[in-house]
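Here's a structure for you.
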Ligand SMILES: [Zn+2]
Ligand SMILES: [Zn+2]
């Protein structure tokens, strides 16, 4: 049968309508669909980094994998920045604005685990991705690539960057990268972290300073000539005693922890060397600085009283996070647009089995499908993103990559980070970040508002890295 004229014109009209609706497809849908189309490729990257499980500053294969994926996508990659072989910056585009996506990829020692809901190390004693940084780096990379694809398609001016930031767990690479000026021209930094719920964050956390206090005394026979000796261990004990007395007289949200890393070789030798490793924290760097000076005074007093000498090496220091409410609201809107994590029957069974291994999990099962209101309560932990946040308007949020109730740094977290539940949370994070990136490029007013809040929150503040001129501690995990 030959189609008549009316049928043909109806068909032509349908084609036109379909075209128009495709064009009307908004930027957000484009980036969400773009990331979804590469789900398998991104899952492969995240699971490969999960298997590498490289610890801080040793992330040679993990950083190389991300670098190569970004180079394949058209980014120019600057490797080994800030004197750190596994740190890098991948950049695409020209001019302003400059939007940064921040990614991590280090694992934790001793937390190896199979992706199963009972404790079963993949390799006993080996490192594992118990903080989900395999997902963290991959999602931030996926967002950077999606925004780059969109910038390219729209022929827009602007720069999108991915910051490859190693050794978040103790090595604090971001602090060295900030010190090297790598974030200087960034307009907004977007970060996220794996978690057991989906929520933007208005919360700050704890600034921290850490150092090794080394005491030097005089060795002698502990029975035959104790009067000829001066014990370095006595000095460590005297210092710890004074700091423990001090706990009553510091603001109660402060934290002070120490270990003794060297206390002598044998009880019948007066130790001529002893060392204590301290970490102190407070929500406010200025307050912490005052507490820290009192800790140093305790160390000096301990040396004086025991006839020993003391030297101190600052190991690290990071600022508390400076939150940005405007950016948190943007993230929250975009989280809602993408929607929470939905488990299959198999994943729900995994989640139920995993929750049986936890002591009173805080979040109920099912909450992974919801978007919670932005977090406002202080997080009692520290991150090197803090230093970024005092230099550039920064936002961080979490998605449910872990079964509700799971704590970071546990075998349960490693298990989730290596299977489909982790990947689902990662995809939600990637899409949310990409949407926020597109929003920032589309309307410069967003950047102005985030900047205004940033300026107001940090008024009168001058950034000074706590680490001074210290070199990155590249061997801290060796
Ligand atoms: Zn961690
Ligand atoms: Zn982490």
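The values are calculated or read from the model by the stated rules, or taken from the named source; none is laboratory data. Bear in mind the structure is a predicted one, so any value in this text is a computation, not a measurement. Please note: Cβ atoms are built from the backbone with ideal geometry, for glycine as well, and neighbour counts cover all protein chains shown.
In region 154-166, is there at least one residue being surrounded by fewer than 24 Cβ atoms within 10 Å (Cβ to Cβ), within 16 Å of ligand 2 (Cβ to nearest atom) and within 14 Å of the chain's Cα centre (by Cα)?
Checked region 154-166: no residue is surrounded by fewer than 24 Cβ atoms within 10 Å (Cβ to Cβ), within 16 Å of ligand 2 (Cβ to nearest atom) and within 14 Å of the chain's Cα centre (by Cα).
If the Cβ limit is 7 Å and pairs must be 6+ apart or interchain, which residue in region 132-147 that is closer than 17 Å to residue 99 by Cα and free of Cβ contacts under 8 Å to residues at least 24 places away in the same chain pairs with which residue that is more than 11 Å from ligand 2 (Cβ to nearest atom) and part of a helix (DSSP H, G or I)?
Close Cβ pairs (under 7 Å, with a partner that is more than 11 Å from ligand 2 (Cβ to nearest atom) and part of a helix (DSSP H, G or I)) do not exist here.
Do we have residue 169 as surrounded by fewer than 24 Cβ atoms within 10 Å (Cβ to Cβ), touching a residue at least 12 places away in the same chain (Cβ under 8 Å), out of contact with any helix residue (DSSP H, G or I) (no Cβ under 6 Å at 6 or more places or on another chain) and within 19 Å of residue 195 (Cα to Cα) here?
Yes: the conditions hold for residue 169.
Just name the residue that is nearest to residue 375 (Cα to Cα) out of those in region 331-343 that are in contact (Cβ under 8 Å) with a residue 24 or more places away in the chain and surrounded by fewer than 17 Cβ atoms within 10 Å (Cβ to Cβ).
The selected residue is 336.
Assuming residue 419 fulfils every condition listed in (1) in contact with a strand residue (DSSP E or B) (Cβ under 8 Å, 6 or more places away or on another chain); (2) away from ligand 1 (no atom under 16 Å from the Cβ) apart from one, which condition is it?
(1)
Confirm whether residue 34 is part of a helix (DSSP H, G or I), surrounded by 11 or more Cβ atoms within 10 Å (Cβ to Cβ) and at pLDDT below 95.
no
Name the one entry in 82, 126, 87 that is at pLDDT 95 or above, more than 21 Å from residue 185 (Cα to Cα) and away from ligand 2 (no atom under 16 Å from the Cβ).
Step by step, each of 82, 126, 87 is checked, and only 126 is at pLDDT 95 or above, more than 21 Å from residue 185 (Cα to Cα) and away from ligand 2 (no atom under 16 Å from the Cβ).
Let me ask something else about it. On the given criteria, is residue 123 in contact with a helix residue (DSSP H, G or I) (Cβ under 8 Å, 6 or more places away or on another chain), away from ligand 1 (no atom under 14 Å from the Cβ) and assigned to a loop (DSSP other than H, G, I, E, B)?
Answer is no for this residue.
Is it true that residue 179 is over 17 Å from the mean Cα position of the chain (by Cα) and away from ligand 2 (no atom under 16 Å from the Cβ)?
Criteria met by residue 179.
Let me confirm something: among 246, 310, which residue is part of a strand (DSSP E or B) and either touching a residue at least 24 places away in the same chain (Cβ under 8 Å) or at positive phi (or both)?
Just a single option satisfies the conditions, and that option is 310.
So for region 81-103 (the condition being within 15 Å of ligand 1 (Cβ to nearest atom) and farther than 26 Å from residue 352 by Cα), does at least one residue qualify?
Looking for residues that are within 15 Å of ligand 1 (Cβ to nearest atom) and farther than 26 Å from residue 352 by Cα, one finds at least one in region 81-103, hence yes.
Output the residue which, of all residues in region 76-90 that are surrounded by 21 or more Cβ atoms within 10 Å (Cβ to Cβ) and under 12 Å from residue 66 (Cα atoms), is nearest to the chain's Cα centre (by Cα).
The selected residue is 87.
Another question about this same structure. Among the listed residues 63, 68, which satisfies the condition of being surrounded by fewer than 23 Cβ atoms within 10 Å (Cβ to Cβ) and not in a strand (DSSP E or B)?
None of the others qualify; the one that does is 68.
Given the criterion farther than 23 Å from residue 183 by Cβ and modelled with pLDDT of 95 or more, identify the matching residue among 69, 51, 96.
So the residue among 69, 51, 96 that is farther than 23 Å from residue 183 by Cβ and modelled with pLDDT of 95 or more is 51.
If you don't mind, another one. Which numbered condition in (1) closer than 23 Å to residue 66 by Cα; (2) modelled with pLDDT of 95 or more; (3) within 16 Å of ligand 2 (Cβ to nearest atom) is the only one that residue 170 fails?
Among (1) closer than 23 Å to residue 66 by Cα; (2) modelled with pLDDT of 95 or more; (3) within 16 Å of ligand 2 (Cβ to nearest atom), the lone unmet condition for residue 170 is (2).
Continuing with the same structure: Report yes if residue 468 is surrounded by 15 or more Cβ atoms within 10 Å (Cβ to Cβ), at positive phi and in a loop (DSSP other than H, G, I, E, B), otherwise no.
Criteria not met by residue 468.
I would also like to ask the following. Please determine, by comparing only the residues of region 154-184 that are more than 16 Å from ligand 1 (Cβ to nearest atom) and in a loop (DSSP other than H, G, I, E, B), which one is farthest from residue 95 (Cα to Cα).
So the residue we want is 180.
Filter region 185-202 for residues that are more than 16 Å from ligand 1 (Cβ to nearest atom) and within 19 Å of residue 136 (Cβ to Cβ); which is surrounded by the most Cβ atoms within 10 Å (Cβ to Cβ)?
Filtering first and then ranking leaves 200.
Ok, one more. Say whether the condition of being more than 16 Å from ligand 2 (Cβ to nearest atom), touching a strand residue (DSSP E or B) at 6+ places or on another chain (Cβ under 6 Å) and either assigned to a loop (DSSP other than H, G, I, E, B) or without any contact (Cβ under 8 Å) to a residue 40 or more places away in the chain (or both) is met by at least one residue in region 187-194.
The answer is yes, given that some residue of region 187-194 is more than 16 Å from ligand 2 (Cβ to nearest atom), touching a strand residue (DSSP E or B) at 6+ places or on another chain (Cβ under 6 Å) and either assigned to a loop (DSSP other than H, G, I, E, B) or without any contact (Cβ under 8 Å) to a residue 40 or more places away in the chain (or both).
The rows are residues; the columns are (1) surrounded by fewer than 24 Cβ atoms within 10 Å (Cβ to Cβ); (2) within 16 Å of ligand 2 (Cβ to nearest atom).
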site	(1), (2)
388	no, yes
391	yes, no
403	no, no
407	yes, yes
416	no, yes
427	no, no
445	yes, no
448	yes, no
454	yes, no
